[in-house]
Amino acid sequence: MVAQKISGAEVSRAIEDDLVAQVSSLRQQHPSFSPRLAIVQVGGREDSNVYIRMKLRAAERIGIQAEHVKLPRDITENELLARLTELNESPAVHGIIVQMPLDSQFDIDGHKVTDAVSPHKDVDGLNTINEGRVATGDMGGFIPCTPAGCVELIKRTGVPIAGKNVVVLGRSKIVGTPVSELLKWEHATVTVCHSKTRNLSEITKTADILVVAIGRPEMVRGSWIKPGAVVIDCGINPIPDATKKTGHRLVGDVAYSEAIEVASHVTPVPNGVGPMTVAMLMKNTVLSARRQLERLLAP
Ligand code: NDP
């Protein structure tokens, strides 16, 4: 069997098209209104600059006003929290994200920072209140972007999730944990694995749907995958490649060339989960703008 490639690039374009239509209809009804996203960056890590550029470009394509709030490396935790309070209080801002990891000269508690973003503007879905809502099956807050993108890609395969055995590799705050919660509430039976899990490849072989987010280049081999499984690879790992101008190329956590021989559907890297993360951020921003407009217009 040769698996079908799940193109995150194509699906994210379709989501963007829908958002363009939503924003244009919002603006027809309320010409002075524009969804607005604040992207807060501390310092200037090169990888963060790349991700931020992608988000700014997507926002522009959709008609979201994105503001890049650049803060210096020597900002203190209190100063950063104060800046977030200002953005929380600004009625013109509908979504706020803080680009992680922080490139700071001082020790800043990342958890405190994500919790300082108002749950009503937390379009990354990383505030503890929104995390708790997802964990308990309440999808009325904001769903974190990469996990939401993974679930969307699984749904686009047409393979039903309910009742399936799902294995998630990784239990991080931003990917592994929330994607396992979401799939649990899609009625899958979910097993979560991490660095202390024993017999990993035996467990992955039981998965009808395998989601991998470990940050280990091509660790998951074809022999770890159940024939016909859906495989979602979140990994973005640069590995040396002398044939490239940059001297490296990106691979996932799954050995793609082996996985396509076994699975029914596989996401590629790049152009799999990556573009979905950006599309879901834009979707959350438009959703937040709509919610805030509704609150404003409510009698
Ligand atoms: P983290 O490093 O925060 O978490 C990695 C998780 O994988 C941990 O739970 C860790 O276990 C587990 N793990 C690590 N090594 C092993 C191993 N050998 N066997 C089993 N489990 C292991 O990573 P993230 O979740 O932030 O990211 C994972 C990958 O996804 C990275 O490649 C990252 O670049 C990518 N990513 C992609 C995004 C996108 O937009 N496509 C967005 C975010 C991340 P333990 O908890 O025990 O330490």
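No lab work stands behind these numbers, since they all come straight from the coordinates. This structure is a prediction, so every number in the text was calculated from the model and none was measured. We place every Cβ from the backbone using ideal geometry, glycine too, and count neighbours over all the protein chains shown.
Computed quantities for the displayed model
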{"read-out": "Spacing of the two label points (7 Å from each Cα toward its C-beta) at Asp18 and Val50, in nm", "value": "2.9 nm"}
{"read-out": "Karplus 3J(HN,Hα) series, Hz, for segment 25-31 with 6.51 cos²θ - 1.76 cosθ + 1.60 (x for Gly, Pro)", "value": "6, 4, 6, 5, 6, 9, x"}
{"read-out": "Computed lengthening from Lys173 to Glu261, 0.36 nm per intervening residue step minus Cα-Cα distance", "value": "28.5 nm"}
{"read-out": "Low-density loop positions, trypsin sites (Lys or Arg not before Pro), segment 169-209 - DSSP coil, at most 11 other Cβ in 10 Å", "value": "Lys196, Arg198"}
{"read-out": "Amide proton proximity set for Val251, modelled H, under 5 Å, gap of 5+", "value": "Asn237, Ile239"}
{"read-out": "Karplus 3J(HN,Hα) series, Hz, for segment 34-43 with 6.51 cos²θ - 1.76 cosθ + 1.60 (x for Gly, Pro)", "value": "9, x, 9, 10, 9, 10, 8, 10, 9, x"}
{"read-out": "Theoretical ellipticity at 222 nm over the chain - DSSP helices of four or more residues, -39500 (n - 2.57) apiece, nearest 500", "value": "-13000 deg cm²/dmol"}
{"read-out": "Fluctuation leader among His94, His120, His194 - the chain, Gaussian network, Cα springs under 10 angstrom", "value": "His194"}
{"read-out": "Computed magnitude of the charge dipole of segment 33-119 (debye, nearest 20; Cβ of K, R +1, Cβ of D, E -1)", "value": "480 debye"}
{"read-out": "Considering only the chain, percent of DSSP beta bridges that pair antiparallel, nearest 5", "value": "10 percent"}
{"read-out": "Antiparallel bridges, percent of DSSP beta bridges restricted to segment 143-285 (to nearest 5)", "value": "20 percent"}
{"read-out": "Karplus 3J(HN,Hα) series, Hz, for segment 253-263 with 6.51 cos²θ - 1.76 cosθ + 1.60 (x for Gly, Pro)", "value": "8, 10, 6, 4, 5, 7, 4, 5, 7, 10, 6"}
{"read-out": "Contour excess over end-to-end distance, with Cα ends at Ser201 and Thr128 and 0.36 nm allotted per residue", "value": "23.1 nm"}
{"read-out": "Sequence-distant residues sharing a close amide H with Val40 (under 5 Å, placed H)", "value": "Val69, Ile97, Val98, Gln99"}
{"read-out": "Cβ-derived FRET efficiency at R0 45 Å, Asn78 paired with Glu10, nearest 0.05", "value": "0.50"}
